[in-house]
Amino acid sequence: GYAGTGKSYISLYLALEEILSGTSGYDKVVIVRSVVPSRDMGFLPGSMKEKIRIYAEPYKEIVDDLFGRGDGYQILEMKNMLQFTTTSFLRGLTFNNAIVIVDEIQNMTFPEIDTVMTRLGDNSRVIFSGDFRQTDLVHDRDKSGIHTFINITKRMSGFEYVEFEKQDIVRSGLVKD
């Protein structure tokens with residue numbers, strides 16, 4: 001869907017609603033995002049967690065908004081009910097009993113998308129969210145895998161699609177215009 005339609009917000013809301021219901025069989029939400037900056041930021045000092053913190057910020061804002069408090073994200077993270085990672089650190093991981101949100105999929109190459117898909121373990125569900133019109137992949141060697149991925153999943157059972165249009169933009173009148 002288009003920018004400002006609430007793709008990340010709705011995905012995270014629905015995933016958390018299922019986790020927190022206690023009846024879904026899922027015990028955590030895993031958010032996966034590619035670390036593709038819209039501008040080169042140069043060398044970032046610090047640990048892996050410190051380097052990717054900026055990419056988790058939108059989800060922190062969403063969770064804090066949903067819970068109406070500034071520590072909602074931290075609390076869920078401490079309880080291991082919410083995890084954020086990037087496509088850079090997925091090898092060897094398996095997500096069991098999890099709802100995996102793959103956000104900003106338009107900024108992933110097809111091999112990155114494939115890596116995410118092959119991390120799904122027992123009793124896991126995946127939500128893909130993105131907008132092919134918003135890709136930040138600018139190098140010729142990188143090509144967004146979103147179109148290839150959609151074409152493949154349309155031939156598979158078990159995938160459903162929700163497509164947001166311009167009239168679904170809720171961010172602001174300016175964004176809608």
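The values are calculated or read from the model by the stated rules, or taken from the named source; none is laboratory data. Every value quoted in this text rests on a predicted model; they were computed, and no experiment measured them. Here Cβ is always computed from backbone atoms with ideal geometry, including for glycine, and neighbour counts include all displayed protein chains. Please note that ligands, DNA and RNA were not included when accessible areas were found on the heavy atoms of the full protein model with its side chains. Shrake-Rupley method; radii C 1.70, N 1.55, O 1.52, S 1.80 Å.
Side notes on the structure shown:
- Verdict on Gly72 being surrounded by fewer than 17 Cβ atoms within 10 Å (Cβ to Cβ) and free of Cβ contacts under 8 Å to residues at least 40 places away in the same chain: no
- Every residue from region 95-118 that is part of a loop (DSSP other than H, G, I, E, B), touching a strand residue (DSSP E or B) at 6+ places or on another chain (Cβ under 8 Å) and at pLDDT 95 or above: Asn97, Asp103
- Enumeration of residues in region 115-152 that are without any contact (Cβ under 8 Å) to a residue 24 or more places away in the chain and surrounded by 13 or more Cβ atoms within 10 Å (Cβ to Cβ): Met117, Ile150, Ile152
- Number of the exception - Asn80 against (1) under 26 Å from Gly4 (Cα atoms); (2) surrounded by fewer than 17 Cβ atoms within 10 Å (Cβ to Cβ); (3) in contact with a strand residue (DSSP E or B) (Cβ under 9 Å, 6 or more places away or on another chain): (1)
- Which numbered condition Asp64 misses (of (1) open to solvent by 30 Å² or more (accessible area, probe 1.4 Å); (2) among the acidic types (Asp, Glu); (3) more than 16 Å from the chain's Cα centre (by Cα); (4) under 17 Å from Ile19 (Cβ atoms)): (1)
- Selection from region 105-127 of residues that are more than 18 Å from Phe89 (Cα to Cα) and of a type outside the set (Lys, Arg): Gln106, Asp122, Asn123, Ser124, Ile127
- Filter result (polar (S, T, N, Q), modelled with pLDDT under 90 and part of a helix (DSSP H, G or I)) within region 8-62: none
- If the condition is being closer than 18 Å to Met78 by Cα, open to solvent by less than 40 Å² (accessible area, probe 1.4 Å) and more than 12 Å from the chain's Cα centre (by Cα), then region 1-25 contributes Leu16, Ile19.
- Failed condition for Ser157, given (1) assigned to a loop (DSSP other than H, G, I, E, B); (2) closer than 22 Å to Thr87 by Cβ; (3) of a type in the set (S, T, N, Q): (2)
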